Amino acid sequence: MRVLVTGGAGFIGSHLCDALLGEGHSVLCADSLLTGRMANLAHLGNEPRFEFVRQDICQPFDPGKIDYLFHFASPASPVDYLKHGIETLRVGSLGTMNCLELAARYNAKYLLASTSECYGDPLEHPQKESYWGNVNPIGPRSVYDESKRFAEAVTMAYHRYRKVDTRIVRIFNTYGPRLQINDGRVISNFMKQALLGQDLTVYGDGSQTRSFCYVSDEVAGILALAKSDEHGPTNIGNPGEFTVLECAQVVLEVTGSNSKLRFDPLPQDDPKQRRPDIGKAKKLLGWEPKIDLRAGLRMSLEYFRTAVDAAGNCI
Ligand SMILES: NC(=O)c1ccc[n+]([C@@H]2O[C@H](COP(=O)([O-])OP(=O)(O)OC[C@H]3O[C@@H](n4cnc5c(N)ncnc54)[C@H](O)[C@@H]3O)[C@@H](O)[C@H]2O)c1
């Protein structure tokens with residue numbers, strides 16, 4: 001197949017490009033490099049089945065005939081979407097509609113990267129796909145949450161009205177090599193601070209929970225969904241739940257760091273609990289994650305060391 005990956009220069013998108021190439025497909029990556037980096041694709045420089053085009057997908061564009069479109073373009077980390085609020089809303093709305101138009105034009109299959117943020121600060125725990133969420137539509141984080149909720153709505157509309165063969169993955173917190181070290185999320189913050197010997201910043205009292213999925217597990221789940229005929233949203237994440245304090249302990253253990261903890265106030269609308277119910281993915285796709293947090297952090301350690309060294313005084 002000829003596959004278009006929007007956002008393929010980003011963290012998850014670049015791993016997805018690798019996996020698709022690994023399955024024998026040709027991959028075209030369209031990315032504006034708003035938050036992504038060519039360094040994530042550097043190893044594909046001599047790969048004849050890989051093409052890169054620098055493209056803001058909010059502008060209409062025509063990549064030629066494609067068989068599958070994976071729509072991953074969007075600022076994703078709180079640091080990025082709070083900095084690029086309007087761009088985030090644009091790519092979720094205009095960008096998503098452009099992608100769906102392409103899928104309709106070429107009769108291509110389509111998969112949207114959505115997010116657990118659609119559940120907001122959930123009142124139901126763990127979150128099943130049937131839960132409609134508890135989202136503040138006008139708070140600072142709404143630029144991301146509502147962008148993705150609109151992206152899901154318009155994806156379902158193209159499926160219903162235009163018969164586009166769509167899928168929606170709700171991705172939960174993912175980590176691994178190529179994660180931006182300054183993305184403001186728990187793993188990157190803690191790994192960076194631990195490796196630099198700085199205090200680990202814990203927001204609130206650290207009792208809020210998170211679940212973390214290693215990137216190869218996430219991509220395996222996404223590809224399994226891509227091959228299925230399921231059109232409704234499907235959670236792909238790791239249900240292993242850690243308090244932020246427990247996560248700090250694992251990071252200190254894996255890095256061998258003597259850093260201490262520092263407690264800062266909780267940001268607005270920070271979710272208290274986040275854990276996927278992956279019953280649907282298990283039953284439908286026979287998928288579940290294999291790599292636990294300790295193992296995943298060990299596999300990411302070399303990347304974080306190199307990234308922290310390369311960033312030097314810039315962080
Ligand atoms: N990383 C996670 O834990 C996580 C969790 C839930 C959902 N997701 C979703 O997965 C996708 C990828 O996330 P990521 O963590 O790899 O983020 P990332 O920031 O590393 O990658 C996003 C990519 O999209 C590109 N992009 C942004 N706006 C664009 C535009 N208008 N046109 C073209 N390219 C554009 C960026 O340059 C970047 O390369 C996003 O859609 C995100 O919402 C990620």
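The values are calculated or read from the model by the stated rules, or taken from the named source; none is laboratory data. These numbers were taken from a predicted model, which means no experiment stands behind them. Cβ coordinates were reconstructed from backbone atoms using ideal geometry, including for glycine residues, and neighbour counts include every protein chain displayed. For the accessible areas, the whole protein counts, side chains as well, though only heavy atoms, and no ligand, DNA or RNA atoms are used. Shrake-Rupley method; radii C 1.70, N 1.55, O 1.52, S 1.80 Å.
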If you stretched the chain out fully between Ser207 and Leu33, how much longer would it get, using 0.36 nm times the residue separation minus the C-alpha to C-alpha distance?
59.1 nm
Test of understanding: in a Gaussian network model of the chain with alpha carbons linked when under 10 Å, which of Gly13, Gly279, Gly237 would top the mean-square fluctuation ranking?
Gly279
Residue-normalised value, i.e. accessible area per residue, for segment 55-120 at 1.4 Å probe, in Å², stands at 36
Scaled to the compact-protein estimate 2.2 N^0.38 Å, what is the alpha-carbon radius of gyration of segment 1-108, rounded to two decimal places?
1.01
Over the chain: helical MRE at 222 nm, DSSP H runs n ≥ 4 each giving -39500 (n - 2.57), nearest 500:
-11500 deg cm²/dmol
Equivalent ellipsoid, segment 188-312 (semi-axes from 5 times Cα gyration tensor eigenvalues, Å):
30, 18, 12
Roll a 1.4 Å probe over the protein heavy atoms and report the accessible area of Ile138 in Å², nearest 10.
150
Quick calc: nm separation of the 7 Å Cα→Cβ label points for Ala42 and Arg162 -> 3.8
With just the Cα atoms defining each centre, how far is segment 166-227 from segment 1-76? Give it in Å.
21
Dipole of the chain (Lys/Arg Cβ +1, Asp/Glu Cβ -1, origin at the Cα centre): which of Ser211, Leu44, Ile291 lies farthest to the positive side?
Leu44
For the chain, share of DSSP beta bridges that run antiparallel, in % to the nearest 5
10
J(HN,Hα) series, segment 53-58, from Karplus relation 6.51 cos²θ - 1.76 cosθ + 1.60, nearest Hz, glycine and proline x
10, 7, 8, 7, 6, 6
On each of the three principal axes the extent of the alpha-carbon atoms of segment 91-249, given in whole Å and largest first, is 53, 31, 26
Over 31 Å apart: what share of the alpha carbon pairs of the chain falls there, rounded to a whole percent?
26
Could you pull out every residue, at least 5 positions away or on a different chain, whose amide H is within less than 5 Å of the one on Phe52? Hs are placed 1.01 Å off N in the peptide plane, and Pro or chain starts have none.
Cys29
Report, to the nearest whole %, how much of the accessible area of the chain belongs to carbon and sulfur atoms, 1.4 Å probe, protein only.
52
Leaving out ligands and nucleic acids, note down the accessible area per residue over segment 159-250 with a 1.4 angstrom probe, in whole Å².
33
Going 7 Å from the Cα of Glu23 in the Cα-to-Cβ direction, what parts of segment 95-117 have a backbone nitrogen less than 12 Å from that spot?
109-111
